[in-house]
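Nothing in this text is a laboratory measurement; each read-out follows from the coordinates by a stated rule. Bear in mind that the values here come from a model prediction, so they are computed numbers and not experimental data. Positions of Cβ are generated from backbone atoms using ideal geometry, with glycine treated the same way; all protein chains shown enter the neighbour counts.
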Amino acid sequence: MINVAIDGPVGAGKSTIARECAKRIGFIYVDTGALYRTVGLFCKRNDIEISTDNAENIEKAITEGLKLEIRLENGTQLVFMNGENVSSEIRLPEMSMAASAVSAIPCVRRFLLETQRKVARENNVIMDGRDIGTVILPDAEVKIFLTAKPEIRAKRRYDELVAKGLDVKFEDVLSDLNTRDYNDSHRAEAPLKQADDAILLDTSEYDFEQSVEAVIRLIEKRQ
Ligand code: DC
């Protein structure tokens, strides 16, 4: 199996770029952020406080009460929480912060590790996240660290949310993005960082098509 790991900060375009590349080269796209979002949603729905101090209760609640499944439908990844399709709900902006908070809790990362490795063992995948090249798939054939300037990433994220009909302010999107980047790269457990053997790709000056082509070139060169 060929595994492509794409990591990078919020709004670098990882998911849209990875999804399109996977479609073009016939790989399966796996969005691992969706898994952390689902754990965040599970905690919110069950009134479980998301903090490291509450890690024991979180671990008990998820191991006993959360069945999380990735299903692929026409190349689209859907996430099911105890049989319920939560793929849209986990995309709401308030779920982003919950996901970032649960992702700092070691038992949550352990809980999601095998789900991610299993799909990569069984399929040619492009998997995106924060620790795919460093922790989840350290032997991935291709590792890319995708980034862009913060203002550009915030503008892309803002446009995406507005296109979905959400009423958001650019300043809020930018500050949310900076907070999440800080949390994601400063947590003790599997922080966001470029793997030593990952290729850095800055898409600040690229449009979508150029970014997709650059990633495909890197995959073709390395595999
Ligand atoms: O990629 P995203 O915005 O959907 O991710 C939501 C949060 O989940 C993000 O702030 C950090 C966390 N995350 C992580 O810690 N590790 C991953 N592999 C993917 C996401």
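I want to check the label-to-label distance for Leu166 and Arg217. Put each point 7 Å from Cα in the C-beta direction and report it in nm to one decimal. The two pseudo-label positions are separated by 3.3 nm.
For the pair the stretch 140-206 and the stretch 84-102, the centres of their Cα atoms are 16 angstrom apart. Ratio of Rg to Rh for the stretch 121-162: 1.11 [Cα atoms; Kirkwood radius as inverse mean 1/r over pairs].
Under the criterion of Cα pairs below 8 Å and six or more residues apart, the relative contact order for the chain equals 34 percent. Here the stretch 1-102 is treated as a sphere whose radius is the Kirkwood value from Cα pairs; by Stokes-Einstein at 4 °C and 1.567 mPa s it diffuses with a coefficient of 88 µm²/s.
Dipole magnitude for the stretch 4-95: about 520 debye, using +1 per Lys or Arg Cβ and -1 per Asp or Glu Cβ, origin at the Cα centre.
For Ser87, the residues 5 or more places off, or on other chains, whose built amide H falls under 5 Å of its own are Val79.
Under the convention that each Lys and Arg Cβ holds +1 and each Asp and Glu Cβ holds -1, the size of the dipole of the stretch 108-203 around its Cα centre is about 160 debye.
Restriction of the trypsin sites (Lys or Arg not before Pro) in the stretch 158-194 to DSSP coil positions whose beta-carbon has at most 13 other beta-carbons within 10 angstrom yields Lys164, Lys169.
About its Cα centre, the dipole of the chain is roughly 380 debye, where the only charges are +1 on Lys and Arg Cβ and -1 on Asp and Glu Cβ.
So which trypsin sites (Lys or Arg not before Pro) in the stretch 48-134 end up in coil per DSSP with only 15 or fewer other C-beta atoms within 10 Å? Passing both the DSSP loop test and the Cβ count: Lys67. Taking only the alpha carbons of the stretch 44-171, we obtain Rg and Dmax values of 16.4, 42 Å in that order. Taking θ as phi - 60° and the Karplus parameters 6.51, -1.76 and 1.60, the scalar couplings of the stretch 16-24 work out to 5, 5, 5, 4, 5, 4, 4, 4, 5 Hz in sequence order, x denoting glycine and proline.
For the pairs Lys44/Lys155; Lys143/Lys221; Lys14/Lys149, flag any whose C-alpha to C-alpha distance is greater than 19 Å. Among Lys44/Lys155; Lys143/Lys221; Lys14/Lys149, the Cα-Cα distance tops 19 Å for Lys44/Lys155. Rounded to the nearest 5, the antiparallel percentage of DSSP beta bridges internal to the chain is 30%.
Counting 0.36 nm for each residue step from Ile2 to Asp196 and taking away their Cα separation leaves a gain of 67.9 nm.
Converting phi to 3J(HN,Hα) with the Karplus coefficients 6.51, -1.76 and 1.60 and the offset θ = phi - 60°, the stretch 34-49 yields 4, 6, 5, 4, 5, 5, x, 5, 4, 5, 4, 4, 9, 6, 9, 5 Hz in sequence order, with x at every glycine or proline.
The Kirkwood radius of the chain, taken over pairs of alpha-carbon atoms, gives through the Stokes-Einstein law at 20 °C and 1.002 mPa s a diffusion coefficient of 121 µm² s⁻¹.
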